[in-house]
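Trainee: One structure coming up, written as structure tokens, with questions to follow.
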Amino acid sequence: MNSTKLLRFSTIPECHRAVGLPSPAHPLISVIRMEDVNMPIAEIPFRVIYDFYTISLKKASPARYKYGQQTSDFDEGVLFFMSPGQVFGIDLPIDLKEVRRPEGWMILIHPDFLWNTPLAKNIKKYDFFNYSVNEALYLSDKEEAMLTAITDQIEREYNTNIDAFSQQVIIAQLELLLTYSGRFYQRQFITRKASGHELLTRLEDFLSAYFNSGALASKGLPSVTLIAETLNISPGYLSSLLKSLTGQSTQQHLHDKLIELAKEKLSTTNLSISEIAYELGFEHLQSFSKLFKTKTSFSPLEFRHSFN
């Protein structure tokens, strides 16, 4: 049995050499066609860390991909995104007779390529760079063709004579690809709304159990990371899904639930405002009063008096 090998690629040329490809035409950006990759079976399974951004379209692959503690088989065309420093792995199926060449492409983007462009900052706004592999974007044939056409244009641009406009043209194409990807993710949230609502139900069950356990007083509000781990999804995907279903971020959703509980305690118990603030996990009464007034336009005391 082969042991799992850990690889780390600091540069794009280094990655090219590892998969049997010639040096890239541009050292800071490259498109790899999966059918051209020549990695011996003996090298798999492996885990890899890229010190650059990757955008990958994988399809018809016999391998199992692991990212963010999740494992998925990709038989359809799916797109997923990784930021520098994240760990990604590939395993072969048990039956090696199933092995066939994967299809698709990868765009490798070194952070230095984005330097001194708006995308250097804006790329962090695309939450899907931090989704797990099981939260990949499933593309229709039309969507796949559209993104592949943009990828082809990027490849053509850096393979021509590089000039003062090359970076600007490629950055524009990358921004277009990311914008379309964001649109397609919104479509996926809608077309898979049933699974999204099932996840929302699990979230509500978790929050109810957490609030009823008295954990607020001792631990405060649960972190977004804890909630995501409990639901077995990534924090970024949780926030994006909630934004799609409720129009709120995870933090806003938590605060609304907290205020509903505060209203219940203010209207049905004789606890003092300070006692309620403590039970809800606030160290300072002022913080509780400020959040309550922001959410309701009333101070906690004004809200309580409205019931008398």
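Trainee: I'd like to verify a number: residues in region 130-164 that are over 15 Å from Gln186 (Cα atoms) and part of a helix (DSSP H, G or I), how many?
Mentor: 21
Trainee: Any residue in region 199-224 that is at pLDDT 90 or above and of a type in the set (Ser, Thr, Tyr) sitting within a Cβ distance under 7 Å of a residue that is open to solvent by less than 40 Å² (accessible area, probe 1.4 Å) and not in a helix (DSSP H, G or I)? List the pairs, counting only those 6 or more apart or interchain.
Mentor: So the pair list comes out as Tyr210/Pro222.
Trainee: Out of all the residues in region 257-294, which are β-branched (Val, Ile, Thr) and within 34 Å of the chain's Cα centre (by Cα)?
Mentor: Once the filter is applied, which keeps residues that are β-branched (Val, Ile, Thr) and within 34 Å of the chain's Cα centre (by Cα), region 257-294 yields Ile259, Thr294.
Trainee: Right, next: Pull up region 138-166, narrow it to residues that are closer than 16 Å to Lys59 by Cβ and polar (S, T, N, Q), then point me to the one that is most open to solvent (accessible area, probe 1.4 Å).
Mentor: Ser140
Trainee: Could you please find all residues in region 182-198 being surrounded by 12 or more Cβ atoms within 10 Å (Cβ to Cβ), among the charged types (D, E, K, R) and at pLDDT 80 or above?
Mentor: Arg187, the sole residue that qualifies.
Trainee: Which number in (1) touching a residue at least 24 places away in the same chain (Cβ under 8 Å); (2) open to solvent by less than 50 Å² (accessible area, probe 1.4 Å); (3) not β-branched (Val, Ile, Thr) marks the one condition that Glu279 misses?
Mentor: (2)
Trainee: Also, I was wondering about something else. Could you say whether any residue in region 186-199 is assigned to a helix (DSSP H, G or I), of a type in the set (Phe, Trp, Tyr), within 14 Å of Leu254 (Cα to Cα) and out of contact with any strand residue (DSSP E or B) (no Cβ under 9 Å at 6 or more places or on another chain)?
Mentor: No, region 186-199 contains no residue that is assigned to a helix (DSSP H, G or I), of a type in the set (Phe, Trp, Tyr), within 14 Å of Leu254 (Cα to Cα) and out of contact with any strand residue (DSSP E or B) (no Cβ under 9 Å at 6 or more places or on another chain).
Trainee: Okay, next question. Go over the candidates Leu226, Leu271, Leu241, Leu245 one by one and state the one that is crowded, with 18+ Cβ neighbours inside 10 Å and out of contact with any strand residue (DSSP E or B) (no Cβ under 7 Å at 6 or more places or on another chain).
Mentor: Leu241
Trainee: Only one residue in Leu291, Leu241, Leu285, Leu266 is touching a helix residue (DSSP H, G or I) at 6+ places or on another chain (Cβ under 8 Å) and at pLDDT below 90. Which one?
Mentor: The unique qualifying residue is Leu241.
Trainee: Do we have Ala172 as exposed (fewer than 12 other Cβ atoms within 10 Å of the Cβ) and over 18 Å from the mean Cα position of the chain (by Cα) here?
Mentor: Criteria not met by Ala172.
Trainee: While we're here: Does region 111-129 include one or more residues that are open to solvent by 10 Å² or more (accessible area, probe 1.4 Å), touching a Ser or Thr at 6+ places or on another chain (Cβ under 9 Å), under 22 Å from Cys15 (Cα atoms) and at pLDDT 80 or above?
Mentor: Looking for residues that are open to solvent by 10 Å² or more (accessible area, probe 1.4 Å), touching a Ser or Thr at 6+ places or on another chain (Cβ under 9 Å), under 22 Å from Cys15 (Cα atoms) and at pLDDT 80 or above, one finds none in region 111-129, hence no.
Trainee: From Ala262, Ala217, which residue is in contact with a Pro (Cβ under 8 Å, 6 or more places away or on another chain) and within 30 Å of Arg304 (Cβ to Cβ)?
Mentor: Step by step, each of Ala262, Ala217 is checked, and only Ala262 is in contact with a Pro (Cβ under 8 Å, 6 or more places away or on another chain) and within 30 Å of Arg304 (Cβ to Cβ).
Trainee: Moving on. Before we move on, is Ser299 open to solvent by 60 Å² or more (accessible area, probe 1.4 Å), of a type in the set (Gly, Ala, Ser) and free of Cβ contacts under 8 Å to residues at least 24 places away in the same chain?
Mentor: Judged against the criteria, Ser299 is not a match.
Trainee: Which condition number in (1) out of contact with any Leu (no Cβ under 9 Å at 6 or more places or on another chain); (2) open to solvent by 80 Å² or more (accessible area, probe 1.4 Å); (3) touching a residue at least 24 places away in the same chain (Cβ under 8 Å) is the one that Gln251 fails?
Mentor: (1)
The values are calculated or read from the model by the stated rules, or taken from the named source; none is laboratory data. This is a predicted model, so every value here is computed, not measured. FYI the Cβ positions are ideal-geometry reconstructions off the backbone, even for glycines, and counts take in every protein chain you see. Just so you know, the surface numbers come from the protein's heavy atoms only, side chains and all, with ligands and any DNA or RNA stripped out. Shrake-Rupley method; radii C 1.70, N 1.55, O 1.52, S 1.80 Å.
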